[in-house]
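I have placed the structure first, in the form of C-alpha cells, so that the comments after it can refer back to it.
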Amino acid sequence: MKLLKELSADGKIAYLIKPILKVLQAAGGQLERSEIKERIADMDDQIADYAELEKKSKKTGNTYKEFNFKFNFAIKDLYFMGLLTYTDTSPITLTEKGLYIDVDALDVQKDVIEASKVHWEELSKNNKKNKVVDVTDSEEETQAEEKIKDDFKEALLAAISKMSPKKFEAFSRALLNKMGVDFTEKGVQISNDGGIDGYGYHTDANDFRTTRVVIQCKRYNVSPVREPEINQFLGAMNKFQADYGVFITNGRFTNSARVAAREGSPITLIDGNELVRLVKRYELYITPVQTYVLDDFYNSEE
C-alpha cells in the first residue's frame, strides 16, 4: 500500500476527505482552516508527515508545502458536493448534509473526486472567460494574511529548535507560569529524575482548588513524541503524586501517543502548533505589531 506522499494528485486529495469531515463533525460542524489541518494531522501520522513535507518550485525556486494546496482542493471538492460552505472571512462550516453524512460509508473517489470534476471544468471555463488565472496555476501563491501567520510560526519554531534542552525547559516553565502554574525549587532539582522537568501548583481562581502539576519538556527537531515516552511520563506522574501533567514538545505527538495520554492520569499535550498559539496568547518573549492587508477592492480594475 502506497504512503500518502506517494499517491497521485487526486489520491492525496481523496485521502484527506474523510479526516476533514470527521474532525468537523466531531467539532459540531465548524472550524477554522488551521484548526482542521492540525486536527487531521493529530489523528493520522501520515498526514502529519505530509503536512511538513516541503517542495521547491521549479518556476520560482521558492519552497512550499504541497499539503496546503491539496487540503484547499479537498475543501473545494466538499464545497462543490454541498457538504460544507465557507467564505474568505468565515470558518469552514458543514451543511446539514455534511453534518449527518455517514463518513465511513462515503465512496470518496466516486461521490466526491469524480463528481466534482464537472464543477472544476466549469470553474476553469469561467476563469478563462473572465481572464482569471486558473486555480491550478496559482498553487504556489498564498494569501498575504496567511503568509504573515506562517512566517511568524516558522520563525518561532525555528528559534525554539535551536534552544538548548536547558533553555527549552526554562522557556516551557515561563509559559506555564504565565498560565498560572507556580513552580517550586523542587521542579528544578528533579529535572533528570523520572522524566520530570518541573513541579508546581496551579490554583483555580473560580473554585480556589489547588492542584499538583508536573511537566516534561522534549525539544525534538526530527522524531515525534511516541507512546512509550507518554507511558514513562505517566509513571513519573504517579511517583510524584501529581494531579495532572503537561508534556511539551516543539514537534508533534504520534496518534498512539495522544491515545495513551487520554487513557491514564490527565495529561495536557502541547505540541509545536499549540506552542505558537500560546506564545501569541500570552505574548511570551514577543512584541506584537500591527499590519494591514489590502482588500479585494484594490485588486479590481473597475
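How many residues does segment 227-258 hold that are out of contact with any Lys or Arg (no Cβ under 6 Å at 6 or more places or on another chain), touching a residue at least 12 places away in the same chain (Cβ under 8 Å) and either exposed (fewer than 14 other Cβ atoms within 10 Å of the Cβ) or part of a helix (DSSP H, G or I) (or both)? Spell out the reasoning first.
To start, the set of residues in segment 227-258 that are out of contact with any Lys or Arg (no Cβ under 6 Å at 6 or more places or on another chain) comprises 227-241, 244-248, 251-253, 255-256, 258.
Applying the additional criterion that residues be touching a residue at least 12 places away in the same chain (Cβ under 8 Å) yields 227, 229-241, 244-248, 251-253, 255-256, 258.
Pick out the ones that are also either exposed (fewer than 14 other Cβ atoms within 10 Å of the Cβ) or part of a helix (DSSP H, G or I) (or both) and you get 227, 229-239, 241, 255-256, 258.
Looking only at that region, the number is 16.
At pLDDT 90 or above and part of a helix (DSSP H, G or I): is that true of LYS147 in this structure?
Numbers: at pLDDT 90 or above: no; part of a helix (DSSP H, G or I): yes.
So LYS147 does not fit the description; no.
Taken together, the residues in segment 154-169 that are open to solvent by 50 Å² or more (accessible area, probe 1.4 Å) and either in a loop (DSSP other than H, G, I, E, B) or among the aliphatic types (A, V, I, L, M) (or both) amount to 4.
Every test in (1) more than 16 Å from LEU16 (Cβ to Cβ); (2) out of contact with any strand residue (DSSP E or B) (no Cβ under 6 Å at 6 or more places or on another chain) is passed by LEU83 save one, and that test is (1). No other residue among SER116, SER90 is buried (at least 16 other Cβ atoms within 10 Å of the Cβ) and either outside any helix (DSSP H, G or I) or of a type in the set (S, T, N, Q) (or both) apart from SER116. Could you list all residues from segment 1-32 that are crowded, with 16+ Cβ neighbours inside 10 Å, of a type in the set (A, V, I, L, M, F, W, C) and under 17 Å from the mean Cα position of the chain (by Cα)? Those that are crowded, with 16+ Cβ neighbours inside 10 Å, of a type in the set (A, V, I, L, M, F, W, C) and under 17 Å from the mean Cα position of the chain (by Cα): LEU16, ILE17, ILE20, LEU21, VAL23, LEU24, LEU31.
Filtered by the rule that a residue be charged (D, E, K, R), surrounded by fewer than 16 Cβ atoms within 10 Å (Cβ to Cβ), more than 12 Å from the chain's Cα centre (by Cα) and within 22 Å of SER223 (Cα to Cα), segment 33-82 gives GLU54, LYS55. Taken over segment 33-57, the criterion of being touching a residue at least 60 places away in the same chain (Cβ under 8 Å) and touching a strand residue (DSSP E or B) at 6+ places or on another chain (Cβ under 7 Å) is satisfied by SER57 alone.
The values are calculated or read from the model by the stated rules, or taken from the named source; none is laboratory data. For clarity, every value in this text was computed on a predicted model and none was experimentally measured. Virtual Cβ from ideal backbone geometry, glycine too; neighbours counted across all protein chains shown. In case anyone asks, the SASA skips ligands and DNA or RNA and just uses the protein heavy atoms, side chains included. Shrake-Rupley method; radii C 1.70, N 1.55, O 1.52, S 1.80 Å.
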